[in-house]
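J.: This is the structure I have questions about; it appears just below.
The values are calculated or read from the model by the stated rules, or taken from the named source; none is laboratory data. Predicted model only: the values in this text are computed from it and were never measured. Ideal geometry is used to build each Cβ from the backbone, glycine not excepted, and the neighbour counts take in all protein chains shown. In case anyone asks, the SASA skips ligands and DNA or RNA and just uses the protein heavy atoms, side chains included. Shrake-Rupley method; radii C 1.70, N 1.55, O 1.52, S 1.80 Å.
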Amino acid sequence: MRQFIGFWVMLLMLGVESVCAQVAFTDDALAFDREAPYVGFWLGNVNADGNAIAFSIDVQQGEDVDQYDVAARALQVFGPTAHAIDGVIEDDALVLRTVVGGSDTVFTLSLREDAQRLIGTVLRDDGEGAPYDIELQRSLRAVHAAGQQVFTGVLNVQQVMELDMTILFGTTLSGRRVGHIDVPAQGIVEFPLINIVEHDGEITATFPAPAPATITGRIVENGSRFVGTFEQATMTIDVDFERAEDYTPTSLSRPQKPEAPYPYETRDVVIEHTDGHRLAGTLTTPSTEGPWPIAIFISGSGPQDRDEALMGHQPFLVIADHLTRHGIATLRCDDRGVSESSGEFEGATSLDFASDVNAQVRWLQGEAASGALHINCDQIGLIGHSEGGLIAPIVACDVPELGFIVLLAGPGVTGKDILAVQSELLLAASGVEANAAAELAASSQRLIAALLADDFSEDAWLATFRQLAEDNPMLAGLTDDATDDDVDAAAQNFLETMNGPWMRYFLEFDPTTYLRGVSCPVFALNGTLDLQVWHDQNLPPIIDAVRAGGGDITARRYEGLNHLFQPATTGAVGEYAQIETTIDPLVLEDLVWWIYSVTGSNAR
């Protein structure tokens with residue numbers, strides 16, 4: 001999640017470009033059921049535009065002989081969770097039909113004679129465009145392997161967050177190691193490690209994330225610990241995990257997550273954008289008689305699905321459920337290029353995302369005009385979180401007939417000003433000594449100022465970065481023993497990140513420009529432990545700007561709530577996954593009653 005995470009940790013959170021993590025095939029020959037040769041676990045590569053994407057499918061027999069239940073995994077395609085797909089046999093090939101990035105996609109896989117490989121193609125958009133090649137090898141899931149060794153511990157990510165992690169190793173009959181990794185806070189459970197090699201007691205494995213990570217270590221003290229490193233891009237994190245007796249998939253308790261059947265109507269929708277991409281979403285309508293007010297959700301920064309899912313939480317799902325149960329309809333869509341929405345996410349700015357929200361408003365107005373949807377067109381509103389709170393006023397100025405906007409931790413100052421405060425707060429909350437946190441924040445601001453300067457010189461900027469990183473390697477996410485090549489790689493990653501279209505727009509954009517033009521009622525909310533969008537920095541200029549334009553604003557600070565509006569202890573990012581509450585109940589109630597008050601709704 002991009003979500004305005006501090007400048008100095010952006011290498012981890014957003015600034016690492018995709019790198020190939022190709023599965024290396026082996027000579028193993030595994031037993032299989034000759035009556036059902038497609039059944040099994042298959043691991044290999046999709047070769048897409050010159051990049052090898054690690055891909056796996058777990059094929060189980062369906063109700064009929066030619067039908068299969070398939071769980072597909074690829075972080076770069078489906079995200080952390082397994083994607084359920086129905087498979088059928090057509091012309092002696094296993095055919096899987098699904099949606100990837102908003103495009104209808106067909107996997108066609110043929111079995112080789114030895115039944116150890118599946119070879120085929122991936123074709124998007126019902127035949128349009130060149131097919132990708134795919135090759136998978138019959139493999140063994142680590143949970144089915146012999147000699148299992150399970151190690152659990154905490155990954156301390158640059159003192160910003162702590163992630164619980166489990167690594168499981170097993171052994172095939174040929175003696176080759178297999179394994180998987182669990183990171184519950186990221187929704188990653190039983191994700192296969194690839195290319196596991198053991199030499200002189202040292203185990204090396206690749207975690208095929210969009211920015212692949214390498215896990216290297218040794219099993220020591222009579223098998224009781226796994227000690228080594230977790231390396232991703234220029235970042236190296238120590239690993240010291242203890243042996244667990246048994247493997248139990250870790251699940252996160254999320255008591256507010258609603259479960260079907262719901263006491264209201266839901267339906268999937270597809271909205272066409274004039275630029276040609278499609279926005280896929282979920283529309284919820286109350287069981288009470290309409291016309292209803294309706295809220296459109298706008299996600300925070302980074303590629304987000306319609307539920308704004310992160311660290312096991314689904315904030316938009318929880319809010320939408322609560323609103324709909326109380327007579328307020330909702331619409332929430334996957335970001336462009338995410339999940340079932342098409343289009344390109346990379347390269348888009350907040351202004352582009354505003355056009356996507358605009359398309360959703362126009363779609364709702366059209367549905368209401370046609371009689372297909374019983375909403376009140378004067379009561380269409382927006383609920384934006386984080387960057388979404390920056391986007392909502394842009395849309396409100398373009399669509400003055402909106403009924404209301406809600407800014408959940410929305411920014412009131414420029415991005416460069418947000419980062420100046422955010423970096424220091426996050427570092428301090430993560431245990432970094434106050435003077436060191438202030439020094440790191442000052443260094444990052446110096447780099448941002450140099451980047452935005454009229455006389456910007458890339459060579460001069462890189463030289464400044466190298467000098468600052470030499471004085472304080474933590475700025476670049478490096479250790480004290482980092483090489484010159486490590487520093488140069490970190491410098492290039494930071495420069496590419498900060499110079500990208502989204503970031504440049506964010507750094508220089510002043511939200512008050514649009515806030516002064518908002519004519520509908522505004523509800524601005526912040527938690528006092530929100531370290532990403534600090535309330536004292538952002539709420540006052542939001543209030544002043546709306547009032548300066550003659551607008552109506554209600555603002556509220558919530559004591560002890562963080563950026564996700566959870567009850568927190570410090571507000572540090574590392575707490576997000578540990579807190580069971582997704583949205584504080586008081587915030588949910590206040591949203592309902594405020595929308596009632598500005599729309600005149602008496603729904604219950």
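J.: Can you tell me how many residues within the range 36-90 are open to solvent by less than 20 Å² (accessible area, probe 1.4 Å) and within 20 Å of the chain's Cα centre (by Cα)?
T.: 5
J.: Counting only residues that are in contact with a Lys or Arg (Cβ under 9 Å, 6 or more places away or on another chain) and more than 14 Å from Asp240 (Cβ to Cβ), give me the strands (runs of 3 or more DSSP E) lying completely in the range 142-230 with at least 1 of them. Before the answer, list the steps.
T.: Working: elements: 146-157, 161-171, 177-183, 188-192, 194-199, 202-207, 213-220.
Output list reads 146-157, 161-171, 177-183, 188-192, 194-199, 202-207.
J.: Tell me which residues, restricted to the range 424-439, are under 18 Å from Asp471 (Cα atoms) and in a helix (DSSP H, G or I). Write out each step before concluding.
T.: First, pick out the residues of the range 424-439 that are under 18 Å from Asp471 (Cα atoms): 424, 427, 432-439.
Of everything in the range 424-439, those that are under 18 Å from Asp471 (Cα atoms) and in a helix (DSSP H, G or I) turn out to be Glu424, Leu427, Ala434, Asn435, Ala436, Ala437, Ala438, Glu439.
J.: More than 25 Å from the chain's Cα centre (by Cα) and either at pLDDT below 95 or surrounded by fewer than 22 Cβ atoms within 10 Å (Cβ to Cβ) (or both) - does that describe any residue in the range 522-529? Explain how you work it out, then say what you get.
T.: Filtering the range 522-529 down to residues more than 25 Å from the chain's Cα centre (by Cα) leaves 522-523.
The next check asks that each one be either at pLDDT below 95 or surrounded by fewer than 22 Cβ atoms within 10 Å (Cβ to Cβ) (or both); those that pass are none.
No - not one qualifying residue is present in the range 522-529.
J.: Just to confirm my filter: which strands (runs of 3 or more DSSP E) fall fully inside the range 247-359 and include at least 3 residues that are open to solvent by less than 20 Å² (accessible area, probe 1.4 Å), over 21 Å from Ala185 (Cβ atoms) and in contact (Cβ under 8 Å) with a residue 40 or more places away in the chain?
T.: Working: elements: 265-272, 278-285, 292-298, 329-333.
Counting at least 3 such residues, we get 278-285, 292-298, 329-333.
J.: Continuing with the same structure: For residues in the range 547-596 being closer than 23 Å to Leu317 by Cα and of a type in the set (S, T, N, Q), which is most open to solvent (accessible area, probe 1.4 Å)?
T.: Gln578
J.: Can you name the condition, by its number, that Ala185 falls short on among (1) over 30 Å from Ala572 (Cα atoms); (2) open to solvent by less than 50 Å² (accessible area, probe 1.4 Å); (3) modelled with pLDDT under 95?
T.: Failed condition: (1).
J.: Of all residues in the range 210-224, count the ones that are farther than 17 Å from Gln186 by Cβ and open to solvent by less than 60 Å² (accessible area, probe 1.4 Å).
T.: Our first condition is that a residue be farther than 17 Å from Gln186 by Cβ; within the range 210-224, this holds for 214, 216-224.
Applying the additional criterion that residues be open to solvent by less than 60 Å² (accessible area, probe 1.4 Å) yields 214, 216-217, 219-220, 223-224.
Residues that pass the stated criteria total 7.
J.: Within the range 481-491, is there a residue that is in a loop (DSSP other than H, G, I, E, B), farther than 28 Å from Gly574 by Cβ and of a type in the set (Gly, Ala, Ser)?
T.: Restricting attention to the range 481-491, the residues satisfying the condition of being in a loop (DSSP other than H, G, I, E, B) are 481-483.
Imposing the further condition that a residue be farther than 28 Å from Gly574 by Cβ reduces the set to 483.
Then keep just the ones that are of a type in the set (Gly, Ala, Ser); that gives none.
Scanning the range 481-491, I find no residue that is in a loop (DSSP other than H, G, I, E, B), farther than 28 Å from Gly574 by Cβ and of a type in the set (Gly, Ala, Ser), so the answer is no.
J.: A further question follows. Could you list, in sequence order, the residues of the range 385-442 that are closer than 24 Å to Asp307 by Cα, small (Gly, Ala, Ser) and buried (at least 23 other Cβ atoms within 10 Å of the Cβ)? If you could, list the steps in order and put the result at the bottom.
T.: At the first step, the residues of the range 385-442 found to be closer than 24 Å to Asp307 by Cα are 385-396, 402-411.
Pick out the ones that are also small (Gly, Ala, Ser) and you get 386, 388-389, 392, 396, 403, 409-410.
Within the range 385-442, Ser386, Gly388, Gly389, Ala392, Ala396, Ala409, Gly410 qualify.
Okay, residues lined up against (1) under 30 Å from Gln532 (Cβ atoms); (2) surrounded by fewer than 19 Cβ atoms within 10 Å (Cβ to Cβ); (3) not aliphatic (A, V, I, L, M):
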| position | (1), (2), (3) |
| --- | --- |
| Phe107 | no, no, yes |
| Arg112 | no, yes, yes |
| Ala115 | no, yes, no |
| Leu155 | yes, yes, no |
| Ser174 | no, yes, yes |
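Quick grid of which residues meet (1) hydroxyl-bearing (Ser, Thr, Tyr); (2) surrounded by 18 or more Cβ atoms within 10 Å (Cβ to Cβ):
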site: Leu94; (1), (2): no, yes
site: Thr98; (1), (2): yes, yes
site: Gly101; (1), (2): no, yes
site: Asp104; (1), (2): no, no
site: Ile119; (1), (2): no, no
site: Pro131; (1), (2): no, no
site: Ile134; (1), (2): no, yes
site: Arg138; (1), (2): no, yes
site: Val150; (1), (2): no, yes
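J.: Answer yes if at least one residue in the range 505-523 is assigned to a helix (DSSP H, G or I), touching a Phe, Trp or Tyr at 6+ places or on another chain (Cβ under 9 Å) and under 27 Å from Phe565 (Cβ atoms), and no otherwise. Let's see the steps before the verdict.
T.: In the first step, residues of the range 505-523 are kept if they are assigned to a helix (DSSP H, G or I); the result is 505-508, 512-515.
Adding the requirement that they be touching a Phe, Trp or Tyr at 6+ places or on another chain (Cβ under 9 Å) leaves 506.
If we keep only those that are under 27 Å from Phe565 (Cβ atoms) as well, we get 506.
Yes, the range 505-523 contains at least one residue that is assigned to a helix (DSSP H, G or I), touching a Phe, Trp or Tyr at 6+ places or on another chain (Cβ under 9 Å) and under 27 Å from Phe565 (Cβ atoms).
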